[in-house]
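Report on the structure given below.
The values are calculated or read from the model by the stated rules, or taken from the named source; none is laboratory data. Quick caveat: nothing in here was measured; it's all calculated off a predicted structure. In this analysis, Cβ positions are derived from the backbone assuming ideal geometry, glycine residues included, and neighbour counts consider all displayed protein chains. Each accessible area value is taken on the protein alone, full model and side chains, heavy atoms only, with ligands, DNA and RNA left out. Shrake-Rupley method; radii C 1.70, N 1.55, O 1.52, S 1.80 Å.
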Amino acid sequence: MNVEQFIRRFAEQFDETPTHDFTVDTRFKENDEWSSMTALSLIAMVDESYSVRLTGDDIRQSSTIKDIYDIVSAKIPNQQA
Amino acid sequence: MITLPAHQYGLIFRLVEERDAEFILSLRTDPKLARHLSATENDLPKQQAWIRTYKQREALGQEYYFLFENEDHEPQGLVRLYDFDGKTYTSGSWLIKPGADEFAAIKADLFSASFAMNELGFERCVFDVRKANKKVLRFHLMFASVTGEDELNVYLALDRAAYERKFKYLTSIIKPQE
């Protein structure tokens, strides 16, 4: 799992914020665009791209993109083995 | 059986009343929120009149417009079931107030689909999503089938089997008691 690619995919969920504004340390919930719809789109992106299901708690407990990245990394089956 | 108002997923779902006109207008005329919906005039008496007409359709079982509140009874969003045709219905007018629970969209979708399929006995939901509404389109494409598209919209359908897959998936993200 490539972190740069993950950040880019994460950033694509935000329609109005330039991709280059996002880093691993970005506190995504502080972005004005973060909403219920963005959360839903993020869950869909992670499922589609990594076959990983984020839960409500995963998102609630995360602040930065790195927090989500770490959760997804830990849930990818071939990386758990 | 779902009794209204329904307390589900930490939200309270009830039918829209005339007194909700101002809240509905505040969402439907918000430039960010409503950019993927058909245009609504910022006209309170007109909105109130629309709700009065809607209540007649509701009384006939032809349409259901839900408003959901948080546990402090603050309105959080809207979702509507309409265009009933045999075993088919349409879901739309899905709007969430900025700052609402970050899973309010999923919760509203779960509630409305469950009401339509289990309470009203529909077998298929047909709906369209603006192509530019990428977030919502990505979500729906996880479960629904594309039935067509034009320059502006993608047309989708969700049958009962797809609904059941979707319900199972979403309730693994959002627990019903949340």
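Only one of the numbered conditions (1) under 25 Å from B:Leu95 (Cα atoms); (2) open to solvent by less than 80 Å² (accessible area, probe 1.4 Å); (3) touching a residue at least 24 places away in the same chain (Cβ under 8 Å); (4) in contact with a Ser or Thr (Cβ under 6 Å, 6 or more places away or on another chain) is violated by A:Arg27, and that is (2). Exactly one residue out of B:Asp109, B:Asp128 is among the charged types (D, E, K, R) and farther than 21 Å from B:Leu4 by Cβ, and it is B:Asp128.
Count of region A:1-26 residues, restricted to those that are under 11 Å from the mean Cα position of the chain (by Cα) and of a type in the set (D, E, K, R), is 3.
Checking the condition more than 14 Å from chain A (Cβ to nearest Cβ), within 21 Å of B:Asp20 (Cβ to Cβ) and aromatic (Phe, Trp, Tyr), which residue from B:Tyr54, B:Tyr89 passes? Reasoning before the result, please.
Numbers: B:Tyr89 fails: within 21 Å of B:Asp20 (Cβ to Cβ).
Residue meeting the stated conditions: B:Tyr54.
With a cut-off of at least 2 residues that are within 14 Å of chain B (Cβ to nearest Cβ), name the helices (runs of 4 or more DSSP H) lying wholly within chain A. Answer list for chain A: A:3-11, A:36-50, A:56-60, A:65-75. Screening A:Thr38 on (1) touching a helix residue (DSSP H, G or I) at 6+ places or on another chain (Cβ under 8 Å); (2) open to solvent by 30 Å² or more (accessible area, probe 1.4 Å) shows it passes everything except condition (2).
Look at (1) part of a strand (DSSP E or B); (2) among the hydrophobic types (A, V, I, L, M, F, W, C); (3) without any contact (Cβ under 8 Å) to a residue 60 or more places away in the chain; (4) closer than 24 Å to A:Glu33 by Cβ and you find that B:Leu25 fails only one, number (1).
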